[in-house]
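**Q** Dumping the structure here so I can ask a few things about it.
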Amino acid sequence: MMASANTLCARIDAVRATIDRAAKQYGRRSEDVTLLAVSKTRTADEIRQAVACGQRAFGENYASELQEKSAVLADKALSWHFIGPVQSNKTRLIAERADWLHSLDRERIARRLNDQRPEQRPALNVCIQVNISDEPSKSGVAPEEILGLAEQIRALPRLRLRGLMAIPAPTDDPAQQRQAFAQLRACLEDLQTRGYELDTLSMGMSDDLEAAIAEGATIVRVGTAIFGSRSG
Ligand SMILES: *Cc1c(COP(=O)(O)O)cnc(C)c1O
């Protein structure tokens with residue numbers, strides 16, 4: 001069911017309050033944590049409502065949805081983040097429509113995006129997705145493969161490597177949540193000590209965003225806590 005506009009604004013405010021609280025608790029500045037509203041399976045109308053509540057950054061998992069919604073909402077100055085697995089026949093759509101890609105995990109995809117990024121657009125911001133806790137999902141590179149992929153991306157002028165992303169195996173235990181996020185942060189710091197200028201840790205979702213903020217998240221990707229539970 002579609003939430004009423006008031007409910008949606010109240011939920012977004014509540015998530016922002018959680019971010020503020022966690023930032024304060026862990027000695028971070030809340031303006032250093034971007035709230036990405038994950039709008040996969042939601043309608044353009046729901047996104048429009050969220051925009052009316054002040055939300056600007058949206059995350060999509062499917063290229064067809066990114067295409068459709070970014071076209072319908074072209075009148076708004078929004079930031080579109082692609083966060084799902086990338087199929088090679090969908091790279092052109094992503095290169096044309098997205099401002100960010102969080103889920104880069106293969107050189108072949110990086111090359112296609114680089115070649116297909118329109119000239120009039122700035123370089124595509126990308127994060128390497130890391131498989132941090134041997135997640136059942138096959139997405140993401142192993143930690144020892146990060147550096148190799150980062151070197152390949154560095155050679156591609158139409159991509160701008162910003163940092164790392166992970167979706168750790170879900171757990172209710174805050175200590176375990178933090179441990180996985182701390183691992184991703186260590187991977188980022190390793191790249192930084194090797195001279196990479198990176199500023200992004202995309203980690204934390206509806207159920208673990210406080211642990212992610214504790215460990216340095218700069219983008220939290222929140223779907224359910226904003227739009228309600230997904231049917232299907
Ligand atoms: C769906 C999704 C989210 C949002 O998850 P919620 O638990 O609904 O907040 C975040 N990141 C990715 C990659 C997703 O696919």
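**Q** Grab the Cα-Cα distance for E68 and Q192, subtract it from 0.36 nm times how many residues apart they are, and report the gain in nm with one decimal.
**A** Details: separation 124, 0.36 × 124 = 44.64 nm, distance 3.67 nm.
Full-extension gain reported as 41.0 nm.
**Q** Return the carbon/sulfur percentage of the accessible area of the range 19-88, one whole number, probe 1.4 Å, all protein chains in place.
**A** Working: 1470 of 3260 Å².
The C+S portion of the solvent-accessible surface of the range 19-88 is 45 percent.
**Q** Let me ask you something else. So if the hydrodynamic radius of the range 98-232 is defined as the Kirkwood radius over C-alpha pairs, what does Stokes-Einstein give as its diffusion coefficient at 37 °C and 0.692 mPa s, in µm² per second? Write down the numbers at each step before the final one.
**A** Values: Rh = 15.4 Å.
The calculation lands on 214 µm²/s.
**Q** Round to the nearest 0.05 the FRET efficiency obtained for K76 and A10 when R0 = 25 Å and r is the Cβ-Cβ distance.
**A** Numbers: r = 21 Å, r/R0 = 0.85.
The pair K76/A10 has a calculated efficiency of 0.75.
**Q** Follow-up. In nm, to one decimal, how far is the modelled label at R154 from the one at E31, with both set 7 Å along Cα→Cβ?
**A** Once both label points are built, they end up 3.1 nm from each other.
**Q** Provide the three semi-axes, in whole Å and in decreasing order, of the ellipsoid equivalent to the range 38-100 as defined by the square roots of 5 times the Cα gyration tensor eigenvalues.
**A** Listed largest to smallest, the semi-axes of the range 38-100 are 20, 11, 10 Å.
**Q** Could you give the distance between the Cα centres of the range 190-231 and the range 18-90, to the whole Å?
**A** Between the Cα centres of the range 190-231 and the range 18-90 lies a distance of 13 Å.
**Q** While we're on this one: Along the charge dipole of the chain, Cβ charges K/R +1 and D/E -1, which of A182, P118, L104 sits furthest on the positive end?
**A** My answer, from the dipole projection, is P118.
**Q** Find which of S79, G204, P168 sits farthest along the positive direction of the dipole of the range 73-232, computed with +1 on the beta-carbon of Lys and Arg, -1 on that of Asp and Glu, about the Cα centre.
**A** Towards the positive end, the residue furthest out is S79.
**Q** Can you give the accessible area of L159 in Å² (nearest 10), computed on protein heavy atoms with a 1.4 Å probe?
**A** Rounded to the nearest 10, that gives 10 Å².
**Q** Here's a follow-up. When the distances between all Cα atoms of the chain are binned every 5 Å from zero, what whole-number percent does each bin get?
**A** Computed distribution, short to long bins: 1, 7, 15, 19, 20, 18, 13, 7, 1, 0.
**Q** Please get the size of the charge dipole for the range 95-176, origin at its Cα centre, with Cβ charges of +1 on Lys and Arg and -1 on Asp and Glu, quoted in debye to the nearest 20.
**A** Details: 12 positive and 13 negative charges, 123 e Å.
That gives a dipole near 600 debye.
**Q** Which value in deg cm²/dmol, rounded to the nearest 500, describes the helix-derived mean residue ellipticity at 222 nm for the chain, given -39,500 (n - 2.57) per DSSP H run of n ≥ 4 and division by the residue count? Each step should come with its number before you reach the end.
**A** Numbers: 9 runs with 96 residues, N = 232.
Roughly -12500 deg cm²/dmol at 222 nm, from the helical runs in the chain.
**Q** Using Cα positions and a limit of under 30 Å, work out the lysines in reach of K76, with same-chain residues fewer than 8 apart set aside.
**A** Within the straight-line cut-off, K76 pairs with K40, K90.
**Q** Ordered by packing density, taken as the mean number of other Cβ atoms within 10 Å over each peptide's residues, highest first, how do 9-20, 36-47, 212-223 rank?
**A** Working: 9-20: 16.6, 36-47: 20.0, 212-223: 23.7.
Those peptides, ordered most packed to least, come out 212-223, 36-47, 9-20.
**Q** Modelling each spin label as a point 7 Å along the Cα-to-Cβ direction, I'd like the Q120/E145 distance in nm, to one decimal.
**A** That separation, rounded to one decimal, is 3.7 nm.
**Q** According to the square roots a ≥ b ≥ c of the eigenvalues of the Cα gyration tensor, what is the shape class of the range 10-53, taking rounded for a/c under 1.5, prolate for a/b larger than b/c otherwise, and oblate for the remainder? Show your work: numbers first, answer last.
**A** On the way: a/c = 3.13, a/b = 2.53, b/c = 1.23.
In terms of gyration-tensor shape, prolate.
**Q** From the protein chains alone at 1.4 Å, what is the descending order of accessible area for R117, R21, R28, largest first?
**A** On the way: R117 15, R21 135, R28 55 Å².
Correct descending sequence by accessible area is R21, R28, R117.
**Q** Using Cα positions and a limit of under 12 Å, work out the aspartates and glutamates in reach of K69, with same-chain residues fewer than 8 apart set aside.
**A** D45, E46, E60
**Q** Rounded to the nearest 20 debye, what is the charge dipole size of the range 31-227 about its Cα centre when +1 sits on each Lys and Arg Cβ and -1 on each Asp and Glu Cβ?
**A** On the way: 24 positive and 29 negative charges, 186 e Å.
Result for the range 31-227 is approximately 900 debye, rounded to the nearest 20.
The values are calculated or read from the model by the stated rules, or taken from the named source; none is laboratory data. What you are looking at is a predicted structure, and each value in this text was computed from that prediction instead of being measured. Positions of Cβ are generated from backbone atoms using ideal geometry, with glycine treated the same way; all protein chains shown enter the neighbour counts. The protein model used for the area step is the full one, side chains on, heavy atoms only, and it has no ligands, DNA or RNA in it. Shrake-Rupley method; radii C 1.70, N 1.55, O 1.52, S 1.80 Å.
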